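Read-outs: derived from the displayed coordinates by stated rules, not from any lab. On a predicted model such as this, the values are computed, not experimentally measured, just so you know. Note: ideal-geometry Cβ built from the backbone for every residue, glycine included; neighbour counts use all protein chains shown.
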Amino acid sequence: MELTFSLDGKSKSPLYEQIYNYIKEEIHAGRMKAASKLPSTRALAEYLQVSRSTVELAYEQLISEGYVETIPWKGYYVSELQGMYHIETEESHKGAENQEIKDQTTTTDNVDTATSDTATSDNMTDEATAETDTVAEKATEEQIDWKDQYIRLQAEFDNFRKRTIREKMDLIQSGGSDVLKAILPILDDMQRATAASEKSDDINALREGERLVVQKFIDTLRQKKVVEIEALDCPFDENLHEAVARFAAGEDKSGKVIDVVQRGYKQGEQVLRYAKVVVGE
């Protein structure tokens, strides 16, 4: 086989690379058929006017890539690249198709994943909305229950307040009635003493009668837990006493009650009437 090409000494590509590219292109173009014999390294080097090592370097590159094969004692031949090339091409197409299918599958998976994620997100949103609605309904029901309880409690408290006021009024009225009932016998005694004083001139008897009536009245008050507030010679207590006047009474009487103008009374701890007193200074 004769090679009709020339090398470009001004090219940036090395000479061996120019030889390599030329032969490879000829094989791919089909101008160099499989099993075709190539020129020997010595013959091609003489033809191209290059060193033999340059041609050997180009051939070694072609052999390493499978374009050329060497047969001992015969020389260099074009390899069966056509079938290999087509196989590679078909495999490349298959690989591309497989890759495309894989990409489509990946895309589909991604779409499915995205759809699934969207569906999951929608489901989560629906669940969250449903949960929110449930919580809102529960809160509304609880609010209604609390409102009903509040209304019932308010009604019960109002009834309790009315009942307490009524019981208090009844207690006051009954308490007043009890006091009046207790006083009526004293009134009877006073009326009898008055009638007796009109018929008798015995002053001592009249005085004794009056004393008995007063004592009976005091005993009746004590039965109702009404007692006289101690005041004379006691330290002045604004919670029990009402000072109507102040007089200089010496150091030992300073701050003490030196006279009682009007007696005071209390029922238990409640003051019914403050004792009106004169306080010494």
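Of note:
- The criterion of at least 1 residues that are basic (K, R) is met, among strands (runs of 3 or more DSSP E) falling completely within the range 191-281, by 241-247, 265-267, 270-273, 275-280.
- Single residue of A205, A196 found to be in contact with a helix residue (DSSP H, G or I) (Cβ under 9 Å, 6 or more places away or on another chain), touching a residue at least 12 places away in the same chain (Cβ under 8 Å) and surrounded by 10 or more Cβ atoms within 10 Å (Cβ to Cβ): A196
- Of the residues examined, F236 is not one that is in contact with a helix residue (DSSP H, G or I) (Cβ under 6 Å, 6 or more places away or on another chain), on the phi < 0 side of the Ramachandran plot, touching a residue at least 24 places away in the same chain (Cβ under 8 Å) and aromatic (F, W, Y).
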